[in-house]
Each structure stands twice: as C-alpha cells, then as structure tokens.
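First the structure, in the form of structure tokens, and then the observations on it.
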Amino acid sequence: MTVVLDTLVAVRRTAMDLLARREHGRVELTRKLRQRGAPPEMIETALDRLTEEGLLSEARYLESFVSYRARSGYGPARIREELSQRGLQRADIDLALRECGISWQAQLEDTWRRKFAGHLPIDARERAKQGRFLSYRGFSMEMISRLLSGRDLDD
C-alpha cells in the first residue's frame, strides 16, 4: 500500500524513513519526495525543519558519500563528478574531499593492486589499459603515471 503524501506529517515521516536508511543530500531527498507525490511547498517546509533539527545534514551526507565511494575504489575526480550530478555545491564538495582524511595515493595503489594484482605493465598496451581503468575510476594522470612507472611503490 502506498502512502499518500498530502500532509506535512506524512512528508516528514517519509523523509525521516529515507534518512533512517542512509544519509541523503537535500536535492536527492527533494527528488525522492517529489517522485512519491509530495507537494513542493510541503517538501521545503519539512526539509527546512529536518535541517534545523540536525536530522538532515549536507556535511554528513558528503562525508558519508566520499567515504563510501573511496572504499569502493574511486578517486577524487570521479567522486567530485558524482556529487556535482547530485546537485551539491562545488565548494562544499572540494572541502569534503580535502577534509576526508583519505590518502588518495594509497587509495590508488590499493585499487590498482586489487585490479591488476600489483603487476606493473610490461608494454605500452598494458600500460594504456591500466591507465584507462584508473583514470575512469577518478585518479589523476599524474598519480597514475607515477604509479605505473614504479616510483610510488613501497615494495
């Protein structure tokens, strides 16, 4: 049975149910509530109140998202792009990426080791293959180049 979102209480309850599952950004939560049929003015009122109460936090959402995607093997460029697509401000995204405490070089090496078993490329074709994969994952060409030339490996 679907819930009718025609009261402020129903909109708030649905928003809280979504937030109980995981952190959401304001834009994402607005989109989900609209898809469920909530009126825009009720959405804004409910989300303003949730923000005032500390239940809806862009900072927590950014921290959670950056951490999750980094653990999944993605680099800062890819994470930045995904957050931009979710309607977050560029300055907030950059701040979250700077303050996350993640060593992107270590993250790059870990992602590379998991995918390529720590084997440096033996020819240009393999180097290009590894470079494309790591670039797609969101790591800078400078970091990738250093890694694939063997300059950053500790072993």
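The values are calculated or read from the model by the stated rules, or taken from the named source; none is laboratory data. This structure is a prediction, so every number in the text was calculated from the model and none was measured. Here the Cβ positions follow ideal geometry from the backbone for every residue, glycine too, while neighbour counts run over all protein chains shown.
Does G75 satisfy the condition of being farther than 20 Å from E23 by Cα, touching an Asp or Glu at 6+ places or on another chain (Cβ under 9 Å) and not hydroxyl-bearing (S, T, Y)? When the stated conditions are applied, G75 does not pass them. Checking each residue in the stretch 55-69 for being farther than 19 Å from L8 by Cβ and more than 8 Å from the chain's Cα centre (by Cα) picks out S57, E58, A59, R60, Y61, E63.
Scan the helices (runs of 4 or more DSSP H) fully inside the stretch 101-155 and keep the ones with 3 or more residues being polar (S, T, N, Q). Can you show your working first?
Numbers: elements: 104-116, 124-136, 141-148.
Qualifying helices (runs of 4 or more DSSP H): 104-116.
Say we look at the stretch 111-139 and pick out the residues that are surrounded by 14 or more Cβ atoms within 10 Å (Cβ to Cβ), among the aromatic types (F, W, Y) and free of Cβ contacts under 8 Å to residues at least 60 places away in the same chain; which of these is farthest from R80 (Cα to Cα)? So, considering only residues that are surrounded by 14 or more Cβ atoms within 10 Å (Cβ to Cβ), among the aromatic types (F, W, Y) and free of Cβ contacts under 8 Å to residues at least 60 places away in the same chain, the one farthest from R80 (Cα to Cα) is F116. Kindly indicate whether A91 is within 26 Å of R31 (Cβ to Cβ) and either part of a helix (DSSP H, G or I) or out of contact with any strand residue (DSSP E or B) (no Cβ under 8 Å at 6 or more places or on another chain) (or both). Yes; evaluated as a whole, the condition is true for this residue. When you check L56 against the structure, is it touching a residue at least 40 places away in the same chain (Cβ under 8 Å) and within 23 Å of A91 (Cα to Cα), yes or no? When the stated conditions are applied, L56 passes them.
For the stretch 88-108, enumerate the residues that are among the basic types (K, R) and either under 21 Å from L56 (Cβ atoms) or surrounded by 18 or more Cβ atoms within 10 Å (Cβ to Cβ) (or both).
Within the stretch 88-108, R90 is the sole residue that qualifies.
Among residues of the stretch 64-78 that are within 16 Å of D92 (Cβ to Cβ) and assigned by TED's automatic domain parsing to the domain that holds D92, those with a beta-carbon under 7 Å from a residue that is of a type outside the set (A, V, I, L, M) and assigned to a loop (DSSP other than H, G, I, E, B) at least six positions away or on a different chain give the pairs S64/E23; V66/C100; S67/C100; P76/G138. Checking every residue in the stretch 28-47 against the condition of being in a helix (DSSP H, G or I), touching a helix residue (DSSP H, G or I) at 6+ places or on another chain (Cβ under 6 Å) and within 19 Å of G138 (Cβ to Cβ) gives zero matches.
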